[in-house]
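Read the structure below first, then the notes.
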Amino acid sequence: MAASRATLLCVANFPANTGYAWDFIERLYARIADHVAEHGIATIVAYPVVSTPLRTLAGSAARAVRLDASLQTRKSVQAVTELIRREDVRVVYFTDRSAWCLAYLRLRWAGARRIIVHDHSSGERTRPRGLKRAAKWLLVRTPGLVADVIVAVSDYVARRQVEVGLIPSERVVRVWNGLPVTPATESSDRHVHAIFGLAADRPLVVCACRATAEKGVAYLLRAFDRVRECIGMSGLRPALIYIGDGPQLAELRSLRETLQAREDIIFTGYRADAAEILSEADVCVVPSLWQDAFPLSVLEGMARGKPVIATRVGGIPEMIEHDEVGLLVPPADEVALAEAIAALLADPARVARLGENARRRVAERFTPEAQLDRLTALVEEGFGSACGALGSPSPGATSFGATHS
């Protein structure tokens with residue numbers, strides 16, 4: 001039996017309730033679902049693995065299903081096409097998938113009118129050359145194989161899609177992520193210090209990210225070991241709190257034991273209250289080594305009025321203007337990172353200025369409302385007159401080629 005109303009299918013390529021950045025993506029699905037529901041459009045979120053209860057979709061209009069939507073096997077393609085037909089799916093919204101895929105033709109034949117790929121992915125890619133470039137150029141211009149819209153989370157990612165992926169620039173749209181700002185408070189509560197048994201007057205340096213080599217946490221640990229030397233005899237004894245889990249965690253713990261500052265470095269593992277810890281930080285650090293697309297860890301610190309010290313890679317310079325809202329250092333440079341941390345800890349007035357500027361930057365440029373408006377406009381174009389959007393421009397979603405010619 002045909003579905004009673006048109007449907008949006010959002011495809012997650014990660015298990016439900018994975019945490020951190022994945023939670024952000026799932027909450028975005030929930031917000032989009034609530035918005036399009038006002039137009040009578042249903043939303044299904046497909047996961048390869050579903051855990052219950054679904055904390056991120058709870059209370060939203062989105063309905064979760066377990067579905068292998070990898071499109072890597074005949075069985076997967078068949079399952080997705082059957083869902084498209086059964087639920088009258090008009091728009092398929094992928095996250096971090098290839099901009100082109102042979103299976104996209106099958107999805108269109110099954111009834112999908114619009115395919116969107118939201119690219120949050122990081123890392124460098126090699127530009128194709130010679131015959132390989134020519135073949136790829138022709139491939140991504142074959143009707144039906146390429147997504148109708150590739151949403152890039154930063155100008156860096158958009159350039160990569162155009163220059164490396166050879167995607168026509170008019171199909172690429174840059175939409176920055178957004179977060180709500182946390183109002184400034186004068187509270188003297190040092191709850192986080194109490195949790196970890198720290199004296200209330202000790203400055204906190206906080207890093208929250210996954211424990212993988214490309215996140216650069218090892219460089220941060222070694223840099224922090226230098227900070228006391230950089231500070232000199234000021235009497236400051238900062239603590240470093242690292243929030244995160246992942247495959248490199250055991251290696252990082254071993255590294256900590258070799259450092260003089262090991263008693264001042266706290267590993268928390270995964271923490272559901274990570275936001276609370278960030279809110280009490282004096283300085284946040286994001287020491288990425290590779291080309292981070294648009295790291296939420298930067299945005300989260302800024303939204304809480306914290307100066308963020310981060311590396312000059314990927315989309316980070318689009319977020320941080322050096323010495324205006326935070327500090328930028330070269331990747332893998334322990335000396336520069338240590339000096340930046342020490343400089344801020346020794347200058348509370350500078351910390352306050354950068355933090356307030358960071359909060360203002362998020363409120364002006366990286367709002368969740370602007371992100372949602374742009375994404376829902378792109379989604380609704382696939383439903384035509386049902387949303388009154390057919391032929392209407394997407395607010396704030398000008399193609400990358402039009403804005404960066």
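Here are a few things to note about the model shown:
- Residues of region 7-21 satisfying the condition of being at negative phi, in contact with a strand residue (DSSP E or B) (Cβ under 9 Å, 6 or more places away or on another chain) and modelled with pLDDT under 95: Ala12, Asn13, Phe14, Pro15, Ala16
- Selection status of Arg86, surrounded by fewer than 16 Cβ atoms within 10 Å (Cβ to Cβ), in the same structural domain as Val151 (by TED's automatic domain parsing) and not in a helix (DSSP H, G or I): no
- Only listed residue being of a type outside the set (Gly, Ala, Ser), modelled with pLDDT of 95 or more, crowded, with 17+ Cβ neighbours inside 10 Å and within 19 Å of the chain's Cα centre (by Cα), chosen from Val329, Val298: Val298
- Region 111-158, subset at pLDDT below 95 and in contact with an Asp or Glu (Cβ under 6 Å, 6 or more places away or on another chain), residue farthest from Glu170 (Cα to Cα): Ser122
- Residue list for region 278-323, filter: under 13 Å from Leu344 (Cα atoms) and in a loop (DSSP other than H, G, I, E, B): Ala281, Asp282, Lys306, Pro307, Asp323
- Residue match in region 283-290 (condition: assigned by TED's automatic domain parsing to the domain that holds Cys230, polar (S, T, N, Q) and in contact with a Gly (Cβ under 9 Å, 6 or more places away or on another chain)): yes
- Within the set Asp23, Asp68, Asp34, the sole residue that is charged (D, E, K, R) and either in contact with a helix residue (DSSP H, G or I) (Cβ under 9 Å, 6 or more places away or on another chain) or in a loop (DSSP other than H, G, I, E, B) (or both) turns out to be Asp68.
- Residue count for region 53-97, restricted to those that are over 24 Å from Asp23 (Cα atoms) and in contact with a Cys (Cβ under 9 Å, 6 or more places away or on another chain): 0.
- Scanning region 136-176 for residues that are of a type in the set (Ser, Thr, Tyr) and surrounded by fewer than 24 Cβ atoms within 10 Å (Cβ to Cβ) yields Thr142, Tyr156, Ser169.
- For region 261-272, a residue qualifies if it is closer than 21 Å to Arg190 by Cα and assigned to a loop (DSSP other than H, G, I, E, B), and the qualifying residues are Tyr270, Arg271, Ala272.
- Within region 352-383, the set of residues being over 22 Å from the mean Cα position of the chain (by Cα) and free of Cβ contacts under 8 Å to residues at least 24 places away in the same chain comprises Ala352, Arg353.
- Restricting attention to region 236-260, the residues that are among the hydrophobic types (A, V, I, L, M, F, W, C), more than 25 Å from the chain's Cα centre (by Cα) and either under 20 Å from Ala200 (Cα atoms) or not in a helix (DSSP H, G or I) (or both) total 3.
- Taken over region 348-382, the criterion of being aliphatic (A, V, I, L, M) and touching a Gly at 6+ places or on another chain (Cβ under 7 Å) is satisfied by Leu354, Ala358, Ala370.
- Residue, surrounded by the most Cβ atoms within 10 Å (Cβ to Cβ), within region 266-281, restricted to residues that are farther than 25 Å from Ala250 by Cβ and of a type in the set (Asp, Glu): Glu280
- Across region 62-78, a minimum of one residue is classified as surrounded by fewer than 16 Cβ atoms within 10 Å (Cβ to Cβ), among the β-branched types (Val, Ile, Thr) and in the same structural domain as Pro168 (by TED's automatic domain parsing).
- Candidates Ala275, Ala377, Ala340, Ala370: the one that is of a type in the set (A, V, I, L, M), part of a helix (DSSP H, G or I) and more than 23 Å from Phe24 (Cβ to Cβ) is Ala340.
The values are calculated or read from the model by the stated rules, or taken from the named source; none is laboratory data. The structure presented is a predicted model; accordingly, all values stated were derived computationally and were not measured. Neighbour counts are summed over all protein chains in view; Cβ atoms, including those assigned to glycine, are modelled from backbone coordinates with ideal geometry.
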